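Notes to accompany the following structure.
Read-outs throughout are calculated quantities, based only on the coordinates presented, and are distinct from any laboratory measurement. What you are looking at is a predicted structure, and each value in this text was computed from that prediction instead of being measured. Note that each Cβ is placed from the backbone with ideal geometry, even for glycine, and that neighbours are counted across all protein chains shown.
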Amino acid sequence: MGDEQELTAREKWAIQCMDRQLVVLDDLAGRAADPRAWLALERQANSFARHLGTWLAHERIFPAARPRMAQHQADLAAYAARAQREVAAVDPDELEAARRSLGIRLAVIGKGGAGKTVTSSTLARLLARQGRKVFACDLDVNPGLAISLGLPPTEAGLPDEALEEHAGSLYGWQLSGAFTPIQAVERFAAVAPDGVRFLGMGKIGTIDKMAAKKSVAALVHMLLGIGEPDWDVIADLEAGPTTPFERYHAFSEDVVVVVGPAWRSAMTARRLLPMVEDRRLTLVSNRFRDEPDHPGLAATIRIPFDPDLAEAERQGLSPIDACPDSPAVAAISRLAALFTNQEVPV
Amino acid sequence: MKIAVCGKGGSGKSTISGALARHLARQGHKVVALDCDPNPNLGISLGVPRESVEDMKPILNALLDAGHTHKDPKIEAEVLLGRYGIDAPEGIRLVATGKIERPSSACLCCGSHNTTRQFFGELPADDRVVLADLEAGLNDLIWAKPGPDDVVLAVTEGSAKSVEIARRACRLAEELGVTRIIGIANRTVSDVDAKRVAEELGVETFVVPEDRAVEDADHLGVAAMDADPSSPAMVAVGELAKLVTR
C-alpha cells in the first residue's frame, strides 16, 4: 500500500491501462476453439507492445510505474509467444481461412480534402455488405464520416455514461471501466446503413471544446483495445500530420495515405510517410485523371475523377448510396478486396 | 489590419490566402503572411519556389533545433519574423509557425498553436496586413483568437461537409466578437450554388468561381497568380482584396 501512495495520477492511469489490456488479452486467450482468436491474440499483444514501446522510449514518463511496465512488456511477449505456438498447431487450410476472415485494423490519413472520408466511409460500407462487422471511427472533430456513411450529421459521440473521469488521462476523461472497448462499440456506436457502427468526437464549433476533449482519449483507447477477431476497425484521422503525430493510429496494422492531384497534396503525403512507421502502407491516388503518379508516390489504388461522386459530396450524400455504380466506388471496392485478401477485380 | 483565413481541408484556404496576399501587395499594402498549418504549404500559393517551401524552417522547429525550450523567455514575434521569415514575391514576408515531421518528436502541436496565437495576437498591424492561413478545421481559429478589429474569411467549396465547417467557423467568429466575417464560396459553378452557400453561412458571402487554371497551377505546385493572374478566380480575389481593405 505504501508504494501505491507514491504513484502520481498519470502513473496510476498507465497502470490501469495495462490492467485493462490484460483483460482484453485474457478474453481472447480463453477462446481456444477459434483459430482466429489466436491470430487476434498475437496481433493484439503486438499492438499493445508497440504502444508500450512509445512509453518506454520516453525515459522520463511514468518513472514509478517503470517496474510494472517492464513486467507488462514481458507479459505481452508471453501472450504473443503463446499465440504463435497455438497458431503453428492449426491446420494450414483452416489457418488460411481464419486469416482471410480476420478483421482489419486500418487508419486513413492524408491532406485535407484529399478524399480520406470518402475512402474510409465507402470502404466501411462495402465491408459491411460482405457481412463483416465494421466499426468506423471519426477522429476528426469536424463532421464528415457520419455524413459520408449515410447517417444524419448528428456526430454521435460517446454519452456521459460511457466515460469516467481520471486525473491521469488526457483531458481528465477516459472510457468507463464498466465497458471493454468492444462492449462500448456494441452499446454506444450509432448504427449506419449496412450495419456499420459509428462513433465520432461529438460536437465542436463553440468555444467550449470539452465535448470532443472528453471523448478523444476514450476513442483512441477503444481503437487500440478492440481485440475481437471478426471486427473490422477503420479510423478516419484528422487532416494533416497532427493526429498521426499524436499516434492516434497506434492501433492500426494498415495505413492508407490518400493523395489528391495537387502538388501540395503530394508534398503532404511525402511528409506523412514517416508517420506510417512499421505499418503496411497502401497509397490511394484520388481524383485521378490520366497524369503519372506523383514522384515517390506510386499508387496501389487509383480512384478516378468522378463527377457523380463530386455531386454526391455537394449534396452531402453517401457515395455508395448516391452513385453505387460509379468508377470511384468500383475503385474503392478493389481496395476492399485488397484488405480482405480476395482476388482484386481488374 | 489582420485577416484570419479558415475552413475545411481542401476548401482552398491556402489558394485564396496566397492570391489575396499577392493582390494586397500589388494594391500597395505591406503584407506579412503567416502559415499556421503544421503541414506548411502557403508558400506555394504565394509563388515561392517548391524547393524553398519544402526546405523552409518554421519558427518552432528552428527554435527547437537551436536548443530552445518552452521555459526560455519568449522572443518577440517581430524578431522571430525577421529571423525566420522568408521573402516571397512582391515584398511579402512569409513565416510558418511549426511543422510536424515525425510521431511524437516533441510537443510540436500545442507549441505551434501557441506560436499562432502569439503571432496573430502580437504582430503590429497598423500599417500593414497580417494574413494568417490557419490549420484545417475550427481549432486553430480558437487559437488565433481574432477580435473585433480583425477580419475572418470562412472559405468553403461546394460540398456539404465543407459548407458545414465554414458555417461553424462563422458562428465561432461571432462568438469571438469578430464583426467582419466574410464567407468565401470558392470553386463555385453556379448562381444556385453561390446562393445556397450564402444562405447556409448567414454572412456576407463573396464568390470565387471554379477555374481550371487554378486547378492546373495546383497540380504543378505553382502559384495561380503566376500561372494566370487574369483567370476568373484570380480576378475575383483581386476584388476580394479591395473589399477586405475597404
Anisotropy class of the stretch B:77-181 from Cα gyration tensor, a/c 1.5 cut: oblate
Kindly write out, for the stretch A:286-294 in residue order, the coupling ³J(HN,Hα) from the Karplus curve 6.51 cos²θ - 1.76 cosθ + 1.60 (θ = phi - 60°), rounded to whole Hz, with x marking Gly and Pro. 9, 6, 6, 9, 10, 6, x, 4, 4
In nanometres, what is the gap between the two model label sites at B:Glu78 and B:Asp191, each 7 Å from Cα along Cα-to-Cβ? 5.0 nm
When the charge dipole of the protein assembly as shown is computed with +1 on Lys and Arg Cβ and -1 on Asp and Glu Cβ about the Cα centre, the Cα farthest towards its positive end, among A:Trp13, B:Leu201, B:Leu123, belongs to B:Leu123
To the nearest 10 degrees, how steeply does helix B:160-175 sit against the main Cα axis of chain B, on a 0 to 90 scale? 70 degrees
Place a label point 7 angstrom from the Cα of B:Glu204 along the Cα-to-Cβ direction, then list the residues of the stretch B:127-150 whose backbone nitrogen is under 17 Å away. B:147-150
Of A:Trp55, B:Trp143, how do they rank once you tally other Cβ atoms within 10 Å and put the fewest first? A:Trp55, B:Trp143
Taking neighbour Cβ counts within 10 Å as the exposure measure, how do A:Leu76, A:Leu7 sort from fewest upward? A:Leu7, A:Leu76
If contacts are Cα pairs under 8 angstrom and at least 6 residues apart, what is the relative contact order of chain A in percent? 20 percent
Taking each pair of different alpha-carbon atoms in chain B once, compute 1/r for the pair, average those values, and report the inverse of that mean as the Kirkwood hydrodynamic radius in Å to one decimal. 17.8 Å
Relative contact order computed over chain B (Cα-Cα under 8 Å; 6+ residues apart), in percent: 28 percent
Have a look at A:Phe48, A:Phe251, A:Phe179 and tell me which one the Gaussian network model of chain A (Cα, springs below 10 Å) gives the largest fluctuation. A:Phe179
Count charges around A:Leu56 for me, please; just the other residues with Cβ under 13 Å from its Cβ, Lys/Arg as +1, Asp/Glu as -1. +3
Work out the FRET efficiency for A:Thr8 and A:Ala178 from their Cβ-Cβ distance, taking R0 = 22 Å, and round it to the nearest 0.05. 0.35
Among the listed pairs A:Lys116/B:Lys99; A:Lys213/B:Lys161; A:Lys116/B:Lys74; B:Lys74/B:Lys145; A:Lys213/B:Lys30, give every one whose C-alpha distance is greater than 29 Å. A:Lys116/B:Lys74; A:Lys213/B:Lys30
If amide hydrogens are placed 1.01 Å from N in the peptide plane, which non-local residues have theirs closer than 5 Å to the one on A:Ser176? A:Leu163, A:Glu164
Filtering trypsin sites (Lys or Arg not before Pro) in the stretch A:232-293 by DSSP loop and by at most 15 other Cβ atoms within 10 Å leaves A:Arg289
Per-residue ³J(HN,Hα) for the stretch B:207-212, Karplus 6.51 cos²θ - 1.76 cosθ + 1.60, θ = phi - 60°, Hz, x for Gly and Pro: 9, 10, x, 4, 8, 4
Within chain A, which whole H helices from DSSP have a Cα span along their axis of at least 15 Å and a mean Kyte-Doolittle hydropathy of 0.0 or more, if any? A:116-129, A:210-225, A:327-339
Projected convex hull area of the stretch A:262-346, Cα atoms, direction-averaged, in nm², equals 6.7 nm²
222 nm mean residue ellipticity, helices alone, for chain A (DSSP H n ≥ 4; -39,500 (n - 2.57); rounded to 500): -14500 deg cm²/dmol
Where is the GNM fluctuation largest for chain A (alpha-carbon springs, 10 angstrom cutoff): A:Ala312, A:Ala266, A:Ala57? A:Ala57
By counting other Cβ atoms within 10 Å of each Cβ, how are B:Lys2, B:Lys242, B:Lys57, A:Lys213 ranked from fewest to most? B:Lys242, B:Lys57, A:Lys213, B:Lys2
DSSP-defined beta bridges in the protein assembly as shown - what % are antiparallel, rounded to 5: 10 percent
Pull up the DSSP beta bridges for the stretch A:88-208 and report the antiparallel fraction as a percent, rounded to 5. 60 percent
Classify the stretch A:2-97 as rounded, prolate or oblate, taking a ≥ b ≥ c as the square roots of the eigenvalues of its Cα gyration tensor: rounded when a/c is under 1.5, otherwise prolate if a/b is larger than b/c and oblate if not. prolate
Could you work out the longest stretch of chain A that avoids the GluC sites (Glu not before Pro) located in DSSP loops with at most 15 other Cβ atoms within 10 Å? A:60-342
I'd like to know how the protein assembly as shown sits against the 2.2 N^0.38 Å rule of thumb: what's its Cα Rg over that expected value? 0.97
4 °C / 1.567 mPa s Stokes-Einstein diffusion coefficient of the stretch A:193-343, Kirkwood radius on C-alpha pairs, µm²/s: 75 µm²/s
